[in-house]
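Remarks on the structure that follows.
Every read-out reported here was derived from the displayed coordinates using simple, explicitly stated rules and does not represent laboratory data. Since we're looking at a predicted model, the values are computed, not measured. Cβ coordinates were reconstructed from backbone atoms using ideal geometry, including for glycine residues, and neighbour counts include every protein chain displayed.
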Amino acid sequence: MRAAMAKAEVGDDVYGEDPTTRVLEERVAGLFGHEAALFTPTGSLANVLAVRSLVGVGQEVLCEASAHIARAELGAHGAITGLTMRTWTHHRGQIDPAAIDAMFAPDPGPFFVQTKAISVENTHNFAGGAVLPIADLQALLRVGGADRHEDPPRRRPHLERARRDRHPAS
Ligand SMILES: Cc1ncc(COP(=O)(O)O)c(C=O)c1O
């Protein structure tokens, strides 16, 4: 990897002149079907930006209680972006559709906190690298009852994953 870094073509990324970063961003955007991607030097920064792009000040993201965004990242989500979190608890960091459904509040009315995103971590770092089954991820699309073809969508998923170097997929 060091040799690849040493050989990489570089440029001023502020002006979009770094060909290596540009190729990486275009490739990842294509992989996920997005119009663009942004390279960040840390996963924590990626999470803060990603969640903030979905959740505004005073709004909430739902996540599992031992999720990295809730337990780590220096509490940046609350400290920097002003959003709130509510959590469900699972000893293996798994999705709990019933608990999420009970918390999910996209239209809570005045005075109440609006749910703007559900964050799941796959694989789950603090749950020992636990993998989330695809069926459970798909169950998230049915949270809140209505089918998925809404415009704008009421559910906005944030998918997070533990570093591969720490927990090879079990
Ligand atoms: C699930 C998960 N998310 C985010 C991060 C943060 O990554 P970084 O240390 O690059 O900020 C980690 C780091 O281990 C992680 O395991």
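Between the amide H of A105 and those of T115, distances stay under 5 Å, these residues lying 5 or more places away or on another chain, with hydrogens modeled in the peptide plane. With both labels modelled 7 Å from their Cα along Cα-to-Cβ, the I134 to R92 distance reads 1.8 nm.
For the range 101-115, 3J(HN,Hα) computed residue by residue from phi via the Karplus equation (6.51, -1.76, 1.60; θ = phi - 60°) reads 4, 5, 8, 4, 9, x, 10, x, x, x, 6, 9, 7, 8, 6 Hz, glycine and proline entered as x.
Mean projected area of the convex hull spanned by the Cα atoms of the range 79-136, taken over all viewing directions: 5.1 nm². Peptides 77-90, 96-109, ordered by how many other C-beta atoms sit within 10 Å of their residues on average, highest first, read 77-90, 96-109.
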